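*Asks:* Here's a structure for you.
The values are calculated or read from the model by the stated rules, or taken from the named source; none is laboratory data. Everything numeric here is computed off the predicted structure, so don't read it as measured data. Every residue, glycine among them, receives a Cβ derived from its backbone with ideal geometry; neighbour counts consider all protein chains shown. Side chains are part of the model used for accessible areas, which takes the heavy atoms of the whole protein and leaves out ligands, DNA and RNA. Shrake-Rupley method; radii C 1.70, N 1.55, O 1.52, S 1.80 Å.
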Amino acid sequence: MRPGLGLSALRAGLTRHRIQTIVIALVALVSTGASVAGLALAIDSGAPFDHAFSSAHGADVAAVIDSARATQAELTASTRLAAVTAATGPFAEVTTTPRLDAHGGCARATPASPCLAPQSMPPMTLAGRASPGGPVDDLTLRSGHWATRPGQIVLSSADVYPDGSLPQGVGLGTQLTVTGAPGMPRLVVVGVAASATNSADGWVTPAEIGRLRRPGTPPSAQMLYRFASAGTAMAIRADVATVAAALPAGAVTGTQSYLTVRAQESPGITPIAPFLIAIGLIGVVMSALVVINVVSGAVVTGYRRIGILKSIGFTPGQVAAAYTGQAVAPAVAGALAGLALGNLLAAALLARAASAYQVSMLSTPAWLDVAVAATICGLAGSAALLPAIRAGRLSAIEAITAGRAPRSGRGFAPHRQLARLRLPRPVTMGLAAPFARPARTALTLAAVLAGATAVTLTAGLAGSLGRVVAGLSLTSTEQIQIQVPPGGPAGVVVTGHGHHHRRAQPLTVPAALHAQPGTLHYVAEADEQARVAGLTGQIPVTGFQGNAAWTGYPMISGHWYAAPGQADVPAGFLAATGTTIGDTVTLTFGGRQIPVRIVGEVFDSDNAGLAMITDGRTLARPGHPLAVTQYDIGLRPGTSPGAYAQALSSRLGPTYYVSVNNTNRGLPIVDGLIATLTLLLAAVAGLGVLNTVLLNTRERVHDLGVLKAVGMTPRQTIAMIVCSVTGTGLAAGAIAVPAGIVLQRHLVPAMAAAAGTGLPASFLDVYRGWELAALALAGTVIAVAGALPPAGWAAHSRTATALRTE
């Protein structure tokens, strides 16, 4: 037989089974798109950092050493530990508060780089290094040259300011004055360098450190280590413990893990990857189930056509190839469309990652596209192969004479049992119909179960993300906020250490809050910046002046601080410093070193989790109160936030800015992804039901004609067909609810872990009783929605036409 006839049979099969073709293509599209996007995010989200870290031999851990407790020999011995693969140091370090001097830049002032007045810069950690190279943390010069003599400084390209930018007016030749150091020495910026692990904010010659240190400040040094095993936070903690045990007690005063720097450089897209991968896997499972069901049904309903094909000379292999092609062709088309969708989605999310270390635009690896598309198409082909081979083995006579109705006796017992119920006969006939084709019913049940599970998972994710947003923004507890402007009514005083504080705040705001109806709680808040031993740069520290437990920060573990000297921190802080609840860290603030004990872990994303919440008295000194930057107000139940804010603003006047707290600090892109992909999966599950019902209807079209001839009305026909999938939908919904809850309880913590944080238990317990009852009906809704189109077609078909159909 001519090969062209096989292609003609394939085209004819695709044309005859349009619903089958659409269903397979859509399933392949959703599965491929979600899988490609999820895997691309998981692979590429850390690529810029990983590339820079590998090429620069980044430090797994930067340890701050108390030079008075550990000798040079002891530090050298620590580099020979079995766990250490490479190390460098010690580099003497110092924390300074430089001032940007106008003199250095005015001679070369231009309109684009004007001469600026002297301005203070944030505190900086400076390390003394003779050269940028070394076995660990090989620095890359971005411009200028290395500091070779006293009075020169090389600035970090990423850590001068938290947003990674240099202050305006800072460039090569700029002069910095180190305030607080004897003689206020000046440093000239001669270069800008990048450290893959942000080991310091700047570098000077080793001999320079001594004259930059404030009198009375204990000497410290920096050791940079690489370890044999450093892939997880647990491994890093074990490595740090090994080094600390090899040195004198108290010698290691702080550490910074590369995992923390990696998380800070992450563009915030990694939490999305677990969700996309889960949706992709659900889609892959659905693709296999739906393809098996669709192709098996096409073979069963096409027995007569198969017999005709064989009678005109088709070989078993050609028949099998034709029916396998009916599944593979739409799967290939859907996979190609899914590749385009997945790459577009991943590219949009990865755009920010590309600029983290000045690398070219990230894209989905070609091998990933090929692997995912081949997997989806392979699943479709494998699912179609067995029923296609079965079709090819049928003889022409067997295929032509095979009855299209179920075998005698199959499903009759359920029909008889259900007929005894006091229900309309069309309803009992529909409820018994699935037992006539148990294998097909099982596949349909599995497909609906996958769609209903996705709906249940979606509801749980939406509830969890809603609590994440509320927990981050505190909108349910701090409904109103008052911003206190700098230089407000109380004036600003500058201490000798360069830190600002406000004189005692007048009672204007507290008096107004007491007098304003609807006030339930309020607390003053001071937002400061402080250094933590072991971390470069500063971290935000929130100091509350009064009881702030009501503000509602979600607690993951531990408890809210109860006294000065105690603090609560996010998971990012614990990971960055290698500490746990109960440990003590040292803050540097206002020229003082303040020991602070960690008593709780809070859910907070401020500064990528590198933040601290404490009593304001922890930072304040007698006679030097902190600057109040904000008041947080909780309202009595029933109070309108908008009306309250307007009335309070009128009472306080224009000096203060009163606002309703409606900040959304969640993951808005996840909301759209959840809704879109879940609707697609539910639609695909509905199309799978539509295909099944259509196959059943075509198989029984002659029986439907008989029923219509003896008096069955169109409404009764629709009821019978819809009831044929109602039981399947109810069973799928009942199973989908616990399955979706289990997935939600695994997926949400995985998303949180990808974001570098834990979750309070309350963020997982989001399902309410009425929601579970409604979700249990999701399978029924999907099944009924898929059954209605073929039911309408059957109800409106003419009786004579149905009776003549073979």
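*Asks:* When only residues in segment 456-484 that are among the β-branched types (Val, Ile, Thr) and either touching a Phe, Trp or Tyr at 6+ places or on another chain (Cβ under 9 Å) or open to solvent by less than 40 Å² (accessible area, probe 1.4 Å) (or both) count, which is nearest to residue 655 (Cα to Cα)?
*Replies:* Checked segment 456-484; the qualifying residue nearest to residue 655 (Cα to Cα) is 484.
*Asks:* Is it the case that residue 761 is under 32 Å from the mean Cα position of the chain (by Cα) and within 30 Å of residue 694 (Cα to Cα)?
*Replies:* No, not satisfied.
*Asks:* Next up: Select the strands (runs of 3 or more DSSP E) contained entirely in segment 532-594, then report the ones holding at least 3 residues which are touching a residue at least 24 places away in the same chain (Cβ under 8 Å) and not aliphatic (A, V, I, L, M).
*Replies:* In segment 532-594, the matching strands (runs of 3 or more DSSP E) lie at 539-545, 584-589.
*Asks:* Quickly run through segment 151-164 and pick out the residues that are modelled with pLDDT under 90 and not in a strand (DSSP E or B).
*Replies:* 157, 158, 159, 160, 161, 162, 163, 164
*Asks:* Could you say whether any residue in segment 249-268 is at pLDDT 85 or above, open to solvent by 50 Å² or more (accessible area, probe 1.4 Å) and out of contact with any helix residue (DSSP H, G or I) (no Cβ under 6 Å at 6 or more places or on another chain)?
*Replies:* yes
*Asks:* Identify, please: which residue in segment 301-328 is among the hydrophobic types (A, V, I, L, M, F, W, C) and open to solvent by 40 Å² or more (accessible area, probe 1.4 Å) and is, among those, modelled with the highest pLDDT?
*Replies:* The selected residue is 328.
*Asks:* Of 41, 100, which residue is at pLDDT below 75, in contact with a Leu (Cβ under 7 Å, 6 or more places away or on another chain), surrounded by 17 or more Cβ atoms within 10 Å (Cβ to Cβ) and part of a strand (DSSP E or B)?
*Replies:* On inspection, the qualifying residue turns out to be 100.
*Asks:* Taking segment 602-617 on its own, how many of its residues are over 20 Å from the mean Cα position of the chain (by Cα) and assigned to a strand (DSSP E or B)?
*Replies:* The number of residues fulfilling the criteria is 4.
*Asks:* So residue 200 clears everything in (1) surrounded by 23 or more Cβ atoms within 10 Å (Cβ to Cβ); (2) at pLDDT 85 or above; (3) within 28 Å of the chain's Cα centre (by Cα) except one condition, right? Which one?
*Replies:* Going through (1) surrounded by 23 or more Cβ atoms within 10 Å (Cβ to Cβ); (2) at pLDDT 85 or above; (3) within 28 Å of the chain's Cα centre (by Cα) one by one, residue 200 breaks only (3).
*Asks:* A further question follows. Hey, residue 528 hits all of (1) open to solvent by less than 10 Å² (accessible area, probe 1.4 Å); (2) touching a Gly at 6+ places or on another chain (Cβ under 8 Å); (3) charged (D, E, K, R) but one; which does it fall short on?
*Replies:* (1)
*Asks:* May I ask you to list the residues in segment 603-643 that are modelled with pLDDT of 90 or more and among the aliphatic types (A, V, I, L, M)?
*Replies:* 611, 612, 613, 619, 633, 635, 643
*Asks:* Looking at segment 457-518, what strands (runs of 3 or more DSSP E) fall wholly within it and have at least 1 residues that are modelled with pLDDT under 85 and over 25 Å from residue 640 (Cα atoms)?
*Replies:* The qualifying strands (runs of 3 or more DSSP E) are 492-494, 500-502.
*Asks:* If we scan segment 169-192, do we find a residue that is crowded, with 16+ Cβ neighbours inside 10 Å, touching a Phe, Trp or Tyr at 6+ places or on another chain (Cβ under 7 Å) and modelled with pLDDT of 85 or more?
*Replies:* yes
*Asks:* Of all residues in segment 713-758 being among the β-branched types (Val, Ile, Thr), over 30 Å from residue 694 (Cα atoms) and part of a helix (DSSP H, G or I), which is least open to solvent (accessible area, probe 1.4 Å)?
*Replies:* 748
*Asks:* Can you name every residue in segment 206-233 that is of a type in the set (A, V, I, L, M), in a helix (DSSP H, G or I) and either within 13 Å of residue 178 (Cβ to Cβ) or at pLDDT 90 or above (or both)?
*Replies:* Residues satisfying the conditions are 207, 209, 212.
*Asks:* Could you say which residue among 62, 9, 68 is in a strand (DSSP E or B) and either at pLDDT 75 or above or not acidic (Asp, Glu) (or both)?
*Replies:* None of the others qualify; the one that does is 62.
*Asks:* Under 8 Å between Cβ atoms, which residue pairs at least 6 apart in sequence (or on different chains) link something in segment 443-471 that is within 14 Å of residue 772 (Cβ to Cβ) and touching a residue at least 40 places away in the same chain (Cβ under 8 Å) with a partner that is open to solvent by 10 Å² or more (accessible area, probe 1.4 Å) and of a type in the set (Asp, Glu)?
*Replies:* Note: pairs meeting the criteria are 459/771.
Quick grid of which residues meet (1) touching a strand residue (DSSP E or B) at 6+ places or on another chain (Cβ under 7 Å); (2) under 21 Å from residue 484 (Cβ atoms):
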{"position": "570", "(1), (2)": "yes, no"}
{"position": "588", "(1), (2)": "yes, no"}
{"position": "604", "(1), (2)": "no, no"}
{"position": "617", "(1), (2)": "no, yes"}
{"position": "624", "(1), (2)": "yes, yes"}
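*Asks:* How about segment 759-769: which of its residues are part of a helix (DSSP H, G or I) and open to solvent by 40 Å² or more (accessible area, probe 1.4 Å)?
*Replies:* Within segment 759-769, 761, 762, 769 meet the criteria.
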